[in-house]
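Here is the structure we will look at.
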Amino acid sequence: MIRLDNVTKVYEGGTVAANDVSLDIQKGEFVFLVGASGSGKSTLIRLMLRDEPVTRGKIWVAGKDITTLPKWKIPYLRRSVGTVFQDYKLLPNKTVRENVAFALEVLGRPQSVIGPQVDQVLELVSLADKAARYPRQLSGGEQQRVSVARSFVNRPPILLCDEPTGNLDPKTSVGIMKLLDRINRTGTTIVMATHDHAIVDAMRRRVVALEGGRVVRDDETGGYEAVRAAPAAVFVGGETEEE
Amino acid sequence: MSRILFLLKEAMISLRRNILIVVGAILAVFISLSLALGALVVNEILRLNTVAWQQGVHVIAFLNDEGGSGVPIGAHDQLLQEVMGWEEVESAFYFDKTQAWEEYQELFAGQQELLDISPTILPASIRIELVDIELHSSVRFRLEQQTASVRQVATAAESIEQLQSLSNVLNVLGLGMAIVLGVAAVVLIANTIRLAIYARRDEVSIMKLVGASNWFIRVPFLLEGMIEGLVGAALAVFAVWVGTSNLAKAGEDFALFRLEVSQQFFFRWGFLFLVFGALAGVIGSMLGLSKYLRDADGTGPDVPTGF
């Protein structure tokens, strides 16, 4: 589903954010990108989204080489890749429903399609009863669930998450992870950058560890640290417990 | 259809959200186009009036009566034939004493003290239309040589020339003003759109994230600029039309100078100004958009930072 071949990204000023990274992510996988701040996690997410051009190497997303993708085709790539960020990126002047519907409206979907799809995804994130509220009237966890709903409403095959639990307390983070796990079980490939030890250790999914822009570890079912023993997978298959 | 409605809705939301800036841009377009159209109207009024003069009589030679003061019978007709043969003269006709009296009565109708004269004192005249108004001095000189027949020579040519040069100056001024103010309107709209983009940078960023095409992002801003330009131009055309209509009514008493401009003139120029307003809006929007949306594959100013 996603393949990186010897990808290097050097920012202006000479900072090397990704150094000869090669990865192969299969359809339906849940992959954690872990590492300290500055290790290159967010850069990899942005490269996969073609938010930044690579300096060297190739990236294939859903079978297409996105490093040579013409600019006008980038929006089409992004329609097949949902994104969730730490700061939610919600529009404060739109309600929950309008924020989620916005993702379909900009794609030109008719209202007859938008209405049912938005209802369905709001049910999935357990926010159907708060559809008329504005982001400022929601907790951080609820705002992040709106963000997940918006990224998934178009049913993209890939979800890229950059520190989605970074602003949330541990209990709320559990709720978001359960939601992402449910989405992953529908066959959606999820790549999540995080430095949350507890989540990574609990989920027992594939872990790609980065250090100074290099892949230093790629475990099929690993923990945050290579030698750290992982507790039981409490999130898998669970229901959302948050609020 | 839903896409068009969505784009229109987004444009209207943006207009409403930045209402003060939008009003400023509309006023800028309104003022600049009003001045430009006003200059055109003044120019048109001058043109109409000079055309009226130019199509009329340019030179009048008042004649001494035949049969007296050494003017033989038939001298008037002889002079008319001679004048009609001059190359500067387009046409000429004889205006006898009876016609002169009728004209006099018409000109001073209602002013009894002026009409209380003997009709015989009004002279006959030869009225001349020139090939080119600039030739008036040469014709005047030639007529003044006919000292026996010609009593006095009158010409409106100097006034016409002055009006023509004023008209030329106004033409240049009007064109210059239209260009400068038109550019100012475009720049102001560009600035408004930049502010609108800044105000909506989060939305633009999210639109890019969810895969909206660049044109889809641009269209609401282009519509916004077009609406600003159109409204400003429509207000300008309306204001100048109202102003000119009132001027024409006020000028109905001036028999010698027409202040009226045809409806056709307003339809033609009004339409062109509306098109110009809309175009200025679109061009301004494109200029405003170019800086912020040039990087088509970035997610705008709100992208996540750090790595």
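The values are calculated or read from the model by the stated rules, or taken from the named source; none is laboratory data. The structure displayed is predicted, hence computed values, not measured ones. We place every Cβ from the backbone using ideal geometry, glycine too, and count neighbours over all the protein chains shown.
Let me confirm something: among B:GLU161, B:GLU113, which residue is more than 14 Å from chain A (Cβ to nearest Cβ), in a helix (DSSP H, G or I) and loosely packed, with under 14 Cβ neighbours inside 10 Å?
Details: B:GLU161 fails: loosely packed, with under 14 Cβ neighbours inside 10 Å.
Testing whether each residue is more than 14 Å from chain A (Cβ to nearest Cβ), in a helix (DSSP H, G or I) and loosely packed, with under 14 Cβ neighbours inside 10 Å leaves just B:GLU113.
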Report yes if some residue within segment A:37-53 is at pLDDT below 90, in contact with a Pro (Cβ under 8 Å, 6 or more places away or on another chain) and among the small types (Gly, Ala, Ser); otherwise report no. no
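In the set A:LEU91, A:LEU4, A:LEU23, which member is out of contact with any strand residue (DSSP E or B) (no Cβ under 6 Å at 6 or more places or on another chain) and at pLDDT below 95?
Details: A:LEU4 fails: out of contact with any strand residue (DSSP E or B) (no Cβ under 6 Å at 6 or more places or on another chain); A:LEU23 fails: out of contact with any strand residue (DSSP E or B) (no Cβ under 6 Å at 6 or more places or on another chain).
Criteria check complete, one pass: A:LEU91.
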Mind checking which pairs have a first residue in segment B:95-108 that is modelled with pLDDT under 85 and a second that is aromatic (Phe, Trp, Tyr), Cβ under 8 Å, 6 or more apart or different chains? B:GLU103/B:PHE95
Do we have any residue at all in segment B:164-181 that's touching a Leu at 6+ places or on another chain (Cβ under 8 Å) and within 30 Å of B:VAL71 (Cβ to Cβ)? no
Run B:VAL180 past the list (1) closer than 30 Å to B:GLY277 by Cβ; (2) in contact with a helix residue (DSSP H, G or I) (Cβ under 7 Å, 6 or more places away or on another chain) and report the number of the one that doesn't hold. (2)
Any hit, segment A:92-99, residues being crowded, with 17+ Cβ neighbours inside 10 Å, free of Cβ contacts under 8 Å to residues at least 12 places away in the same chain and part of a loop (DSSP other than H, G, I, E, B): no
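Yes or no: A:VAL84 within 11 Å of chain B (Cβ to nearest Cβ), out of contact with any Ser or Thr (no Cβ under 8 Å at 6 or more places or on another chain), under 23 Å from B:PHE216 (Cβ atoms) and crowded, with 23+ Cβ neighbours inside 10 Å? Give the steps one after another, and end with the answer.
On the way: within 11 Å of chain B (Cβ to nearest Cβ): yes; out of contact with any Ser or Thr (no Cβ under 8 Å at 6 or more places or on another chain): no; under 23 Å from B:PHE216 (Cβ atoms): yes; crowded, with 23+ Cβ neighbours inside 10 Å: yes.
No; evaluated as a whole, the condition is false for this residue.
Kindly indicate which of B:ALA92, B:ALA36 is in a strand (DSSP E or B) and surrounded by 15 or more Cβ atoms within 10 Å (Cβ to Cβ). Spell out the reasoning first.
Values: B:ALA36 fails: in a strand (DSSP E or B).
Checking each option against the conditions leaves just B:ALA92.
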Inside segment A:115-166, the number of residues satisfying the requirement of being touching a residue at least 24 places away in the same chain (Cβ under 8 Å), among the acidic types (Asp, Glu) and more than 13 Å from chain B (Cβ to nearest Cβ) is 1
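Residue under question is B:LEU143, and the condition is that it be crowded, with 19+ Cβ neighbours inside 10 Å and modelled with pLDDT of 85 or more; does it hold? Explain how you work it out, then say what you get.
Values: crowded, with 19+ Cβ neighbours inside 10 Å: yes; modelled with pLDDT of 85 or more: yes.
So B:LEU143 passes the test.
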I'd like the full set of residues that are assigned to a loop (DSSP other than H, G, I, E, B), under 24 Å from A:GLY212 (Cα atoms) and not polar (S, T, N, Q), limited to segment A:52-84. A:GLU52, A:PRO53, A:VAL54
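Has segment A:21-37 got at least one residue that is within 8 Å of chain B (Cβ to nearest Cβ) and more than 16 Å from A:ILE190 (Cα to Cα)?
Here is the first cut: in segment A:21-37, the residues within 8 Å of chain B (Cβ to nearest Cβ) are A:37.
With the extra rule that they be more than 16 Å from A:ILE190 (Cα to Cα), the set shrinks to A:37.
Within segment A:21-37 (the criterion being within 8 Å of chain B (Cβ to nearest Cβ) and more than 16 Å from A:ILE190 (Cα to Cα)), the answer is yes, since at least one residue qualifies.
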Is it the case that some residue within segment B:158-175 is at pLDDT 80 or above and over 19 Å from the mean Cα position of the chain (by Cα)? no
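Any idea which of B:VAL57, B:VAL71 is at pLDDT below 90, outside any helix (DSSP H, G or I), under 35 Å from the mean Cα position of the chain (by Cα) and of a type outside the set (Phe, Trp, Tyr)?
On the way: B:VAL71 fails: under 35 Å from the mean Cα position of the chain (by Cα).
That would be B:VAL57, the only listed residue that is at pLDDT below 90, outside any helix (DSSP H, G or I), under 35 Å from the mean Cα position of the chain (by Cα) and of a type outside the set (Phe, Trp, Tyr).
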Number of the condition not met by A:LEU77 [criteria: (1) aliphatic (A, V, I, L, M); (2) at the interface with chain B (Cβ under 8 Å from one of its Cβ atoms); (3) more than 16 Å from the chain's Cα centre (by Cα)]: (3)
Enumeration of residues in segment A:167-226 that are under 20 Å from A:ALA149 (Cα atoms), touching a residue at least 40 places away in the same chain (Cβ under 8 Å), small (Gly, Ala, Ser) and not in a strand (DSSP E or B): A:GLY175, A:GLY187
For segment A:39-51, give me each residue that is at the interface with chain B (Cβ under 7 Å from one of its Cβ atoms) and part of a loop (DSSP other than H, G, I, E, B). A:GLY40, A:ARG50, A:ASP51
